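Chemist: Here it is, the structure, as structure tokens.
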Amino acid sequence: MESSEEDDDFPSIESITPQSKVDSLYQSHTEKGIRKLCCELLDLKDAVENLCGNMRSKYLAFLRISEEAVEMEHELVELRKHISAQGILVQDLMTGVCHQLEEWNQSTTEVQPDPEIGELQDPLPIETDDHKIVLEKIDVLLAEHKVEEALEALDSEERNSPELKSSGDTSSTEGSSYRSAFLKRKAVLEGQLVEVTGQPFVSFPELKKALSGLIKIGKGPLAHQLLLKFYGSRLEKSIEALSPSCSVCPKTYPATLSKLVFSAISLATMKSGSIFGDNPVYTNRVVQWAEWEIEYFVRLVKENAPSSGTVSALRAASVCVQASLNYSLMLERQGLKLSKLILVLLWPFIEEVLELNFRRARKLVLDLVEADECMSFSPRFAAPLSAFTISSDRMLADSGIRFMCIVEDILEQLTPLTILHFGGNILSRISQLFDKYMDALIKALPGPSDDDNLTELKEFVSFRAETDSEQLAILGVAFTILEELLPNAVMNLWKQQSESGEPKSGSAENVTPIPSTSTELKDWRRHLQHSFDKLRDHFCRQYVLSFIYSREGKTRLDAQIYLNGDGDDLYGGSTPLPSLPFQALFAKLQQLAIVAGDVLLGKDKIQKILLARLTETVVMWLSDEQEFWGVFEDDTGPLQPLGLQQLILDMHFTVEIARFAGYPSRHVHQIASAIIARAIRAFSARGIEVQSALPEDEWFVETAKSAINKLLLGTEGSEVSEIDEDNIIPHDHIVLDSDDSVSSLSSVESTDSFASASMGELDSPRHFDDSEG
């Protein structure tokens with residue numbers, strides 16, 4: 001029992017846990033990692049040692065191979081010497097044999113030959129022996145590749161041998177066989193010369209010697225073909241070496257490529273002239289070869305150009321035009337006129353690049369795609385356009401800045417010769433881009449536009465101009481781009497092109513006639529103005545319609561005011577006044593002039609144009625409104641002379657508004673005169689004695705001027721407010737300042753508007769002129 005208890009307290013040694021198991025159970029992860037790292041380091045050390053051993057063994061092998069190469073070179077030199085010595089021995093042997101044959105021939109001539117033996121044995125003639133000696137000498141020279149000596153031997157023999165000079169059949173069989181053997185040697189020499197020109201690293205002096213040899217043996221066309229092939233192969237190798245850089249430097253690749261191509265053409269032309277002279281046959285072949293190379297050049301430019309819709313492609317295309325036309329001008333001094341061909345070949349490529357770039361620009365302008373991160377927005381455009389920012393909304397100003405930056409980004413890629421030959425195309429595309437931008441701004445104005453079918457513009461309009469300030473800001477941004485930013489950007493670039501002194505790419509007969517740059521720019525400005533006029537007219541039309549028609553859709557300029565009037569407007573006070581709608585028009589235009597003075601600060605021209613156009617739009621609407629004239633021309637409605645007098649006064653009042661505010665328009669005067677004439681005819685047709693019922697014309701002019709003064713002084717404010725209080729400025733806010741000139745419609749102070757005109761100016765009528773002209 002005691003022993004069993006001891007066994008329980010002290011277990012046997014067989015149950016002790018091995019150390020390996022303890023290590024696996026209790027070893028920390030850190031220790032495992034350290035051991036693993038040590039093993040990896042040992043493996044790395046072994047690998048490094050193996051690598052060093054391999055490098056050492058390879059280096060020793062390289063040294064051994066180098067020594068063997070040097071020994072092999074010495075052996076080749078010795079072998080060449082041995083071959084030369086053997087050649088000398090063979091030549092001496094042949095000379096000795098020939099000498100012995102001559103001696104034998106001389107000895108046989110001294111002995112009388114046996115007739116029977118003579119029939120069986122025919123000794124070689126001396127002439128045949130000479131031919132064999134010449135041919136064998138030529139064979140030795142050809143075998144030793146002594147091309148120049150072989151060429152001299154052939155040339156000398158051809159000059160001195162009568163058999164070789166004869167062009168027809170020879171009289172003897174020996175002469176014919178000799179001629180055939182000579183021509184074979186000549187063909188062998190030709191092959192050796194051709195082989196020299198085909199060597200991959202042949203120098204030009206060696207090439208020139210080979211070509212001269214071919215010319216001497218009558219192979220001039222072949223020599224010229226090999227010359228062009230030589231420069232073609234050199235060009236091909238240069239292009240292959242340049243090809244990897246096309247993806248690294250896509251913008252400069254066309255310039256470098258054009259330098260290689262046109263340099264090869266220039267060298268080939270120059271060397272052809274020095275070797276072959278001015279032979280027109282060879283000159284035409286050079287021109288034909290140059291045209292092939294240029295076609296290949298244009299194909300390479302297209303294949304390796306960036307995507308056509310990127311700015312990089314436009315820059316690459318412009319650089320290509322600039323470089324190729326400059327180099328072609330240099331070639332013209334050598335008699336090669338290739339400018340026209342270059343333009344013909346590049347034209348479709350440039351057209352495609354311009355089309356896709358402006359298509360991308362149109363999407364950027366309309367905000368259909370995000371601008372590239374690399375596109376930098378110039379601060380030069382931010383300052384003038386940020387002035388039209390309304391409150392905290394910068395969307396309008398940002399759209400103008402974006403438009404100008406996109407155009408500038410395109411213009412910066414152009415080179416002088418690209419502008420010279422493609423300037424009209426570029427201006428046309430800029431005009432189309434400006435048209436799209438104007439259409440987008442029209443969408444931001446209230447009211448329907450004429451281009452509702454343009455779906456791409458619907459996505460652009462992310463803001464609406466509801467207030468007068470916002471609408472005027474749109475016009476201000478468009479006008480600033482039209483008058484300042486866009487013309488300056490284009491004119492500066494065109495001016496640099498004209499001042500650069502770039503020649504017109506050669507003589508006039510070689511280049512397609514280019515239209516006058518000034519004419520293109522004038523037409524371009526005229527197109528921009530027409531596009532802006534669409535935006536301006538849309539604003540004026542909607543603004544006038546919002547004045548004429550009330551919120552309920554009723555018209556304020558109703559002909560009934562001229563039928564049912566009792567003369568209150570004319571004689572209700574001390575000074576006759578125009579009808580209440582035209583008083584309200586005066587107040588609304590003055591209110592707009594005050595707002596324009598704040599929003600369009602410093603833009604006096606657009607302020608005058610806008611207010612003149614608004615006045616013109618009112619009389620145009622009145623002239624074309626058939627419902628208005630139907631009341632007068634209908635026999636049922638009663639007509640009174642006072643109604644006609646009131647209508648004529650309203651027209652004079654409208655003309656005086658334009659004249660008084662400093663934006664007179666001949667068109668306003670013409671339309672107002674036409675309205676008065678039509679009204680007089682309508683009243684006369686109804687039996688009204690017009691001449692006796694109406695006062696003199698001077699009365700209407702003076703009355704209209706007095707009415708303006710009276711409205712400015714605020715004596716009849718209550719009458720104006722009866723029409724539309726929302727559109728009338730309280731007269732106690734209108735201050736007359738006689739020190740300001742009539743040319744200023746508005747200024748920083750909100751109190752300046754129509755009242756800024758001098759009172760004295762009312763007594764000195766201006767000549768009407770067309771402010772748009």
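Chemist: So which pairs qualify, if the first residue must be in the stretch 347-359 and farther than 16 Å from PRO254 by Cβ, the second must be surrounded by 15 or more Cβ atoms within 10 Å (Cβ to Cβ) and charged (D, E, K, R), the Cβ gap must be under 7 Å, and the two must be at least 6 apart or on different chains?
Modeler: Correct list of pairs: PHE358/ARG429.
Chemist: Further question on the same structure: Looking at PHE276, PHE297, can you tell me which residue is at pLDDT below 90, of a type in the set (Phe, Trp, Tyr) and open to solvent by less than 50 Å² (accessible area, probe 1.4 Å)?
Modeler: The conditions single out PHE276.
Chemist: Look at ALA674 and say whether it is under 22 Å from LEU711 (Cα atoms) and either assigned to a helix (DSSP H, G or I) or open to solvent by less than 10 Å² (accessible area, probe 1.4 Å) (or both).
Modeler: The answer is no for ALA674.
Chemist: Which pairs turn up if I take residues in the stretch 688-703 that are assigned by the TED database to the domain that holds SER579 and under 18 Å from PHE660 (Cβ atoms) and look for partners that are of a type in the set (A, V, I, L, M, F, W, C) and open to solvent by less than 100 Å² (accessible area, probe 1.4 Å) with beta carbon separation below 8 Å, at least 6 apart in sequence or on another chain?
Modeler: PHE700/ILE648; PHE700/LEU649; THR703/LEU649
Chemist: OK, next. On the basis of being open to solvent by less than 50 Å² (accessible area, probe 1.4 Å), over 19 Å from LEU417 (Cβ atoms) and part of a helix (DSSP H, G or I), does ALA264 make the cut?
Modeler: Yes.
Chemist: Count, please, the residues in the stretch 221-268 that happen to be in contact (Cβ under 8 Å) with a residue 60 or more places away in the chain, more than 16 Å from SER324 (Cα to Cα) and of a type in the set (Gly, Ala, Ser).
Modeler: Counting residues in the stretch 221-268 that are in contact (Cβ under 8 Å) with a residue 60 or more places away in the chain, more than 16 Å from SER324 (Cα to Cα) and of a type in the set (Gly, Ala, Ser) gives 2.
Chemist: Okay, next question. For the stretch 331-347, name all the residues that are open to solvent by 10 Å² or more (accessible area, probe 1.4 Å) and farther than 21 Å from CYS246 by Cα.
Modeler: Of everything in the stretch 331-347, those that are open to solvent by 10 Å² or more (accessible area, probe 1.4 Å) and farther than 21 Å from CYS246 by Cα turn out to be GLU332, ARG333, GLN334, GLY335, LYS337, LYS340, LEU341, LEU343, VAL344, TRP347.
Chemist: Any idea how many residues of the stretch 310-330 are within 10 Å of the chain's Cα centre (by Cα), farther than 22 Å from GLU240 by Cα and open to solvent by less than 30 Å² (accessible area, probe 1.4 Å)?
Modeler: Final tally of qualifying residues: 3.
Chemist: Please go through the stretch 414-426 and give me each residue that is open to solvent by less than 20 Å² (accessible area, probe 1.4 Å) and under 11 Å from the mean Cα position of the chain (by Cα), ordered by number.
Modeler: LEU414, THR415, THR418, ILE419, PHE422, GLY423, ILE426
Chemist: Which residues, taken from the stretch 128-152, are touching an Asp or Glu at 6+ places or on another chain (Cβ under 7 Å) and on the phi > 0 side of the Ramachandran plot?
Modeler: none
Chemist: Would you be able to say whether some residue in the stretch 481-502 is modelled with pLDDT of 85 or more, among the charged types (D, E, K, R) and open to solvent by less than 60 Å² (accessible area, probe 1.4 Å)?
Modeler: yes
Chemist: Need a quick list: helices (runs of 4 or more DSSP H) entirely within the stretch 137-247 having at least 2 residues that are open to solvent by 30 Å² or more (accessible area, probe 1.4 Å) and modelled with pLDDT of 75 or more.
Modeler: 147-160, 173-197, 204-216, 220-242
Chemist: Do we have any residue at all in the stretch 368-382 that's in contact with a Gly (Cβ under 9 Å, 6 or more places away or on another chain) and either modelled with pLDDT of 95 or more or open to solvent by less than 40 Å² (accessible area, probe 1.4 Å) (or both)?
Modeler: yes
Okay, residues lined up against (1) surrounded by fewer than 23 Cβ atoms within 10 Å (Cβ to Cβ); (2) outside any helix (DSSP H, G or I):
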| position | (1), (2) |
| --- | --- |
| PRO578 | no, yes |
| PRO581 | yes, no |
| GLY597 | no, no |
| LEU601 | yes, yes |
| ILE606 | yes, no |
| LEU610 | no, no |
| LEU614 | no, no |
| VAL619 | no, no |
| SER623 | yes, no |
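The values are calculated or read from the model by the stated rules, or taken from the named source; none is laboratory data. Treat the numbers as computed from the prediction; the structure is a model and nothing was measured. Neighbour counts are summed over all protein chains in view; Cβ atoms, including those assigned to glycine, are modelled from backbone coordinates with ideal geometry. Surface accessibility is based on the protein's heavy atoms, side chains included, excluding ligands, DNA and RNA. Shrake-Rupley method; radii C 1.70, N 1.55, O 1.52, S 1.80 Å.
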